[in-house]
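Peer 1: Please find one structure pasted underneath; my questions will follow.
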Number of protein chains: 2
Amino acid sequence: MNMANAVREHLVSMLVHNKPGVMRKVANLFARRGFNISSITVGDSEVPGLARLIIMVKGDERIIEQIEKQAYKLVEVVKVTPIDPIPENRVEREMALVKVKFGDQKQELFQLVEIFRGKIVDVSKEGAIIEITGSRSKVEAFIRLLSENQIVEIARTGIVAMNRWNVVEKEGF
Amino acid sequence: MNMANAVREHLVSMLVHNKPGVMRKVANLFARRGFNISSITVGDSEVPGLARLIIMVKGDERIIEQIEKQAYKLVEVVKVTPIDPIPENRVEREMALVKVKFGDQKQELFQLVEIFRGKIVDVSKEGAIIEITGSRSKVEAFIRLLSENQIVEIARTGIVAMNRWNVVEKEGF
């Protein structure tokens, strides 16, 4: 197996002009090109008037280059920064709100929340809302450990990520 | 001033079929209708195969009804749930990663992170990456309190929200 061409998840950070429809334009472009987006988030960036899109996309090593090439075709795209594929070189986070029914497992739930360093942000007689923050795998492990009939509602943010301070950003990884 | 028609931010939660392009379709539809989206997030929901979109949109009281009507025109949209406009009745959260240079303000920064219950998720000689979670206004207050030349990079998730346990969901608010 050629490791360089193994299919895996890649993260890309993009600075874009924060005009109405820019996210739609990026999503349209990527859909036309057949990119397989598994997470997309958008929010104001450090530059006034520019938003930052963080996109997780599945593909082999060449996909980052393809994304850069395609993205720069849009006048709204200011900068594309690949995020280091080595987990130790980046910070990657997701947040989820999970609404759960207590049933007869209230104590077990509170223990689980403590183990995962979650926060109880709402509580009633019947249940609670838990805020859980961490890597995608941590968020998914927490959800997996709840029983299916406990879960009432899940709202997830998608992934935000950036390269750590010690990572020198270069064109492509 | 007619309070019922005051323009403000509204939050809507939508369950949609998790097919490629569904977010794009929703964004396309809303753009065509001239809805002013100030935040959009998407992630897996509690139902396998369905994603949850959380949309913040600016408008008067009638906009929720208009969104519901438009959204249900898409076959991908399974359910639209308005989120209670009263802040006490909902949980609303955003997360941001903020990369900051220390400069000569390292101690002030650490104090600010403590006050906002942020987390330092990366640190080097030159700076740190801070994870900050809370309402949009809390996240924005933290960013505003940093000096402009301290901020290197910001990645924000957009808003996730849900009604609290004590809120009875009804058609429209």
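Peer 1: Please report, largest first and rounded to whole Å, the three semi-axes of the ellipsoid equivalent to the protein assembly as shown, where each semi-axis is the square root of five times an eigenvalue of the C-alpha gyration tensor.
Peer 2: Values: eigenvalues 176, 127, 97 Å².
Over the Cα atoms of the protein assembly as shown, the semi-axes work out to 30, 25, 22 Å.
Peer 1: Once amide H atoms are built 1.01 Å from N in the peptide plane, which residues 5 or more positions from B:I83, or in another chain, come under 5 Å H to H?
Peer 2: The list, which skips near neighbours in sequence, is B:L11, B:V12, B:S13.
Peer 1: Using amide H atoms built in the peptide plane, which far-off residues or other-chain residues are under 5 Å from B:E46 H to H?
Peer 2: A:I154
Peer 1: Please list, ordered by chain and number, the residues whose modelled amide H lies under 5 Å from the amide H of B:S38; skip anything fewer than 5 residues away on the same chain.
Peer 2: Correct list: B:M56, B:V57, B:K58.
Peer 1: Another question, if that's okay. Mean separation of Cα pairs under 8 Å and 6+ residues apart, divided by the residue count of chain A: what relative contact order is that in percent? Before the final figure, lay out each step's value.
Peer 2: Working: 305 pairs, mean separation 46.0, N = 173.
Once normalised by length, the contact order is 27 percent.
Peer 1: Quick check: the angle from helix A:136-145's long axis to the longest principal axis of chain A, C-alpha only, nearest 10 degrees?
Peer 2: Computed tilt is about 30 degrees.
Peer 1: Further, regarding this structure: Karplus couplings for segment A:94-101 from phi (6.51 cos²θ - 1.76 cosθ + 1.60, θ = phi - 60°), rounded to Hz, Gly and Pro as x?
Peer 2: These are the phi-based 3J(HN,Hα) values: 9, 10, 9, 9, 10, 8, 10, 7 Hz.
Peer 1: Further, regarding this structure: Can you spot the lysines whose alpha carbon is less than 27 Å from B:K138's alpha carbon? Ignore those fewer than 8 places along the same chain.
Peer 2: Partners within reach: A:K19, A:K99, A:K119, A:K138, B:K58, B:K99, B:K101, B:K106, B:K119.
Peer 1: In addition: Ordered by residue, what ³J(HN,Hα) values in Hz, to whole numbers, does segment A:21-38 give under the Karplus form 6.51 cos²θ - 1.76 cosθ + 1.60, where θ = phi - 60° and Gly and Pro are x?
Peer 2: Here the 3J(HN,Hα) series is x, 5, 5, 4, 4, 4, 5, 4, 4, 5, 5, 4, 7, x, 5, 9, 7, 9 Hz.
Peer 1: Can you give the angle from 0 to 90° between the axis of helix B:106-115 and the longest principal axis of chain B, with both taken from C-alpha atoms, to the nearest 10?
Peer 2: 40
Peer 1: For segment B:90-160, place one equal point scatterer on every Cα, skip the solvent, and apply the Debye formula. What is log10 of I(q)/I(0) at q = 0.13, 0.19, 0.26 Å⁻¹?
Peer 2: Cα-only, vacuum Debye calculation for segment B:90-160: -0.33, -0.68, -1.25.
Peer 1: Using a 10 Å cut-off on Cβ atoms, rank the peptides B:35-42, A:57-64, A:158-165, B:120-127 from the highest mean neighbour count down.
Peer 2: Top to bottom by mean Cβ count within 10 Å: A:158-165, B:35-42, A:57-64, B:120-127.
Peer 1: Let me ask something additional. Say a label goes 7 Å from Cα toward Cβ at A:R62 in every copy; what distances in nm does this one have to the rest, shortest first?
Peer 2: Output for A:R62: 5.3 nm, nearest copy listed first.
Peer 1: Excluding same-chain residues fewer than 8 positions from A:K125, which aspartates and glutamates have a Cα within less than 19 Å of its Cα?
Peer 2: Leaving aside aspartates and glutamates fewer than 8 places away in the same chain, those within reach of A:K125 are A:D104, A:E108, A:E153, B:E88, B:E169.
Peer 1: Moving on to the next point. Where does segment A:3-83 land on Rg(C-alpha)/(2.2 N^0.38 Å)?
Peer 2: Here the answer is 1.04, to two decimals.
Peer 1: To the nearest 10 Å², what's B:V22's accessible area with a 1.4 Å probe?
Peer 2: That residue has around 10 Å² of solvent-accessible surface.
Peer 1: Show me you know the interface measure: the accessible area buried between B and A, both chains summed, probe 1.4 Å, in Å² to the nearest 100.
Peer 2: Summed over both sides, the interface buries about 4300 Å².
Peer 1: Would you kindly compute the Cα radius of gyration of chain B and its largest Cα-Cα separation (Dmax), both in Å?
Peer 2: For chain B, the Cα-based Rg and Dmax read 18.8, 56 Å.
Peer 1: What nm distances, shortest first, do you get from the label point of A:S137 to those in the other copies when the point sits 7 angstrom along Cα to Cβ?
Peer 2: Its label point is 3.9 nm from the equivalent points in the other copies.
Peer 1: What accessible area, in Å² to the nearest ten, does a 1.4 Å probe give for B:L15?
Peer 2: Only protein atoms counted, so the area is about 20 Å².
Peer 1: Show which aspartates and glutamates lie in cross-link reach of A:K73 when reach means a straight Cα distance below 19 angstrom and same-chain residues fewer than eight apart are skipped.
Peer 2: Of all the aspartates and glutamates, those that pass the test against A:K73 - Cα under 19 Å, at least 8 places apart if same chain - are A:E65, A:E171.
Peer 1: So what's the gap between the Cα centers of segment A:48-81 and segment B:29-83, to the nearest angstrom?
Peer 2: If you average the Cα positions of each part, the centres end up 25 Å apart.
The values are calculated or read from the model by the stated rules, or taken from the named source; none is laboratory data. Here the structure is a predicted model, which means the values were calculated and not measured. Cβ sites come from the backbone with ideal geometry, for glycine too, and all protein chains shown count toward neighbours. Heavy atoms of the whole protein, side chains included, go into the accessibility calculation; ligands, DNA and RNA do not. Shrake-Rupley method; radii C 1.70, N 1.55, O 1.52, S 1.80 Å.
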